[in-house]
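Input: a single structure, listed below in structure tokens.
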2 protein chains.
Amino acid sequence: MTTGQPTAAIRKTTLCRGCWAQMHLPVPIRGPLSLPFKVFGVTTSKMNPNLCTICERSFVRVTRAKEITKEASILFADIRGYTALSERLSPTAMTTLVRAFHDQCALAVWREDGIVNKSMGDGILAIFNFPIPIPDHARHAVDAARQIQRECAERLATLAQEFEPFDSPLGVGIGVHCGEVVIGEFSAGRSDYTAIGSVVNLAARLEGSARPGEVIVSEAVHARVPDLPGGLERRSLTLKGIGDPVPAYVLTA
Amino acid sequence: MTTGQPTAAIRKTTLCRGCWAQMHLPVPIRGPLSLPFKVFGVTTSKMNPNLCTICERSFVRVTRAKEITKEASILFADIRGYTALSERLSPTAMTTLVRAFHDQCALAVWREDGIVNKSMGDGILAIFNFPIPIPDHARHAVDAARQIQRECAERLATLAQEFEPFDSPLGVGIGVHCGEVVIGEFSAGRSDYTAIGSVVNLAARLEGSARPGEVIVSEAVHARVPDLPGGLERRSLTLKGIGDPVPAYVLTA
């Protein structure tokens, strides 16, 4: 098994799409014109290979603001049963599993023009509609979520067989919500931006209540993507930190 | 109110402590000798101002391994009641709050030679004993946790009054655990390392069950720091993804 080349199926651009969208600045990230930029440390971003490290690390310069309020879709994904699993797996098996999962997530998010903004342990946080503008960002986020589920189901099953027979179900849980978020640099060292706000929190909570193989989307996502694909189930969720039950929709493959 | 200068009380070194500890390589990060390095983009790391960007972004080069297994202490912290809060606060109030919290966390973690490895939303993940070696890392992690609680209590209370009277309690929850973790680059873009494993997961779960103002430490931490300070309460926790109840110790200021 190989962790593969996650960027294989991504349409790669010559110019940084973030710098172009945010500043109308042509920053070459591929081809001969990108060489002088590379000398000065401007390379492709780890958040999305069609962005550059200027987009990634110079939020204030790019947006000309300490933080911006923006409509966006937020996707959280993690491996269900990973806590129980990590008690039994060898370090090698565990890292192979996490790398495979992160690779598949990135591939799907990048195909849909989103960014893998953060990864913490096995989980990831993806943002759609910044810095690459996506008018139909909720649909792109849902499409990315379904791709992650489809591709991970196969890959994680293969990995599971390789390592040991698992008794606990090994699958991915995903939550998607959309609305106004605040994007900016909030960490003490600065230089890495993220999204915060109630939309981000709810997306995380939706993910937390997803069972293996499920994508749970909010009512706001359903309103923006009325023709949600797959088997659709309406579920009322009681979520930590939120008073009233939250209506949500569950997509299953 | 100002977000302040989080590095104010940190003892700053001239050489990168990570490159020295891991490779016995003297990399100047302050003073005239650091200038040629700055030209080539080697500056101080956002994870800890006594580390350089080589330590931060070139894990494989620094450790000469794709991943390493290491004894370390892991600290998770977040703002309790933040989800409920984020529904009501203005973007400005919310970002001020998160910035203040992240600044205080970083200050405490850096004082104890740890790194702020990740921040996601309002939460942070700190690692003690890599890349700066700390023989007594569990004690340092506990000390950082107590500093965060002490300093945040004051600062968040001031902020809370400034914005609006809160009805939900505003405080910080912290979890600390220690043991063997796997450190490596697992995200698809690579170039940012993190720690994974059951120790990391348990630390996150301990934090998740901490009430405002509490530091919850594992039995392993208690064994390494038997003279834990503060009022100590033994608590048996039922944690998501972990079968048996987990014994833990609660430190209150």
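Quick note: the coordinates plus some simple rules give every number you see, no bench work behind them. These numbers were taken from a predicted model, which means no experiment stands behind them. Virtual Cβ from ideal backbone geometry, glycine too; neighbours counted across all protein chains shown.
To one decimal in nm, how far is residue A:111 from the same spot in the other copies, if labels go 7 Å from Cα toward Cβ? Please give the shortest first.
In ascending order, 4.9 nm.
With angles folded into 0 to 90 degrees, how steeply does helix A:137-163 sit against the dominant principal axis of chain A? Use alpha carbons for both and round to 10.
Once rounded, the angle reads 60 degrees.
How much FRET efficiency would the formula 1/(1 + (r/R0)^6) give for residue A:233 and residue A:39, where r is the Cβ-Cβ distance and R0 is 60 Å, rounded to 0.05?
Details: r = 54 Å, r/R0 = 0.90.
About 0.65, to the nearest 0.05.
Have a look at B:29, B:50, B:96 and report the one farthest towards the positive end of the charge dipole of chain B, computed about the Cα centre with Cβ charges (Lys/Arg +1, Asp/Glu -1).
B:29
For labels at residue A:90 and residue A:244 in the simple 7 Å Cα→Cβ model, what's the distance in nm?
Taking the two extended label points, one gets 5.3 nm.
Using the 10 angstrom Cβ neighbour count as an exposure proxy, how do B:44, A:43 rank, fewest first?
On the way: B:44 21, A:43 16.
Result, fewest neighbours first: A:43, B:44.
What does the average come to when, for each residue of peptide B:218-225, you count the partner chain Cβ atoms lying within 10 Å of its Cβ? Numbers along the way, then the final one.
Numbers: counts 0, 0, 0, 0, 0, 0, 0, 0.
Mean shielding count: 0.
Mean 1/r over all different Cα pairs, inverted: what Kirkwood radius does the stretch A:67-164 give, in Å? Intermediate results must be reported in sequence, preceding the final value.
Numbers: mean 1/r = 0.0707 Å⁻¹.
One over the average 1/r among Cα pairs gives 14.1 Å for the stretch A:67-164.
Run through the other copies and list how far each one's label point is from that of residue A:65, in nm with one decimal, shortest first; the point sits 7 Å from Cα along Cα-Cβ.
4.5
When a footprinting reagent is the concern and you count Cβ atoms within 10 Å, what order do A:118, A:66, B:70 take, fewest first?
Details: A:118 22, A:66 14, B:70 18.
Ranked by crowding around the Cβ, least crowded first: A:66, B:70, A:118.
For n ≥ 4 DSSP H runs only, could you compute -39500 (n - 2.57) per run for chain B, divide by its residues and tell me the 222 nm figure to the nearest 500?
On the way: 9 runs with 92 residues, N = 253.
Value at 222 nm, helices only, nearest 500: -11000 deg cm²/dmol.
Express the relative contact order of chain B as a whole percentage, based on alpha carbon pairs under 8 Å and six or more residues apart in sequence. Walk me through the numbers on the way to the answer.
Working: 502 pairs, mean separation 47.9, N = 253.
Once normalised by length, the contact order is 19 percent.
Could you tell me which Cys residues in the protein assembly as shown have no other cysteine's Cβ under 4.7 Å from their own Cβ, answering none if every one has a partner?
So, A:55, A:105, A:152, A:178, B:55, B:105, B:152, B:178.
What does the copy distance list look like for residue B:180, label position 7 Å along Cα→Cβ, in nm and ordered from shortest?
Reported distances to equivalent positions: 5.1 nm.
Taking 0.36 nm per intervening residue step and subtracting the Cα-Cα distance, what contour gain separates residue B:162 from residue B:111 on full extension? Walk me through the numbers before you get to the answer.
Values: separation 51, 0.36 × 51 = 18.36 nm, distance 2.82 nm.
This chain segment gains 15.5 nm when fully extended.
How crowded by other chains is B:120-126, given as the mean number of beta carbons from other chains within 10 Å of each beta carbon? Numbers along the way, then the final one.
Details: counts 15, 14, 5, 2, 3, 2, 0.
Partner-chain Cβ atoms within 10 Å, mean over residues of B:120-126: 6.
Residue A:13 versus residue B:65, label points 7 Å from Cα toward the beta carbon: distance in nm?
4.0
I need two numbers for the protein assembly as shown: Rg to one decimal and Dmax as a whole number, Cα atoms only, in Å.
Both quantities, over Cα of the protein assembly as shown: 21.7, 64 Å.
Rounded to the nearest 0.05, what FRET efficiency is calculated for residue B:180 and residue A:211 with R0 set to 30 Å and r the Cβ-Cβ distance? Kindly include the intermediate steps, with their values, before the conclusion.
Numbers: r = 30 Å, r/R0 = 1.00.
It comes out at approximately 0.50.
How are the C-alpha pair distances of chain B spread across 5 Å bins, as whole percents from the shortest bin up?
All Cα pairs, binned at 5 Å, distribute as 1, 6, 13, 17, 18, 16, 13, 9, 5, 2, 0, 0 percent.
How many Cβ atoms of partner chains, on average, are near each residue of B:179-185 if near means within 10 Å of its Cβ?
Numbers: counts 0, 1, 1, 7, 2, 4, 4.
That average works out to 3.
By how many degrees, between 0 and 90 and to the nearest 10, does the Cα long axis of helix B:91-111 differ from the longest principal axis of chain B?
Tilt of helix B:91-111: around 60 degrees.
In a GNM of chain A with a 10 Å cut-off on Cα contacts, which of A:72, A:160, A:188 has the highest mean-square fluctuation?
Result: A:188 has the largest fluctuation of those listed.
Quick one: what does P(r) look like for the stretch A:108-253 with 5 Å bins over all Cα pairs, in whole %?
Distribution as computed: 2, 9, 18, 22, 20, 14, 9, 5, 1 percent.
With a bin width of 5 angstrom, please list the P(r) values of the stretch B:1-105 as percents of all Cα-Cα pairs, from the 0 bin to the one holding the largest distance.
Bin by bin from 0 Å, the calculated values are 2, 10, 15, 17, 15, 13, 12, 9, 5, 1, 0.
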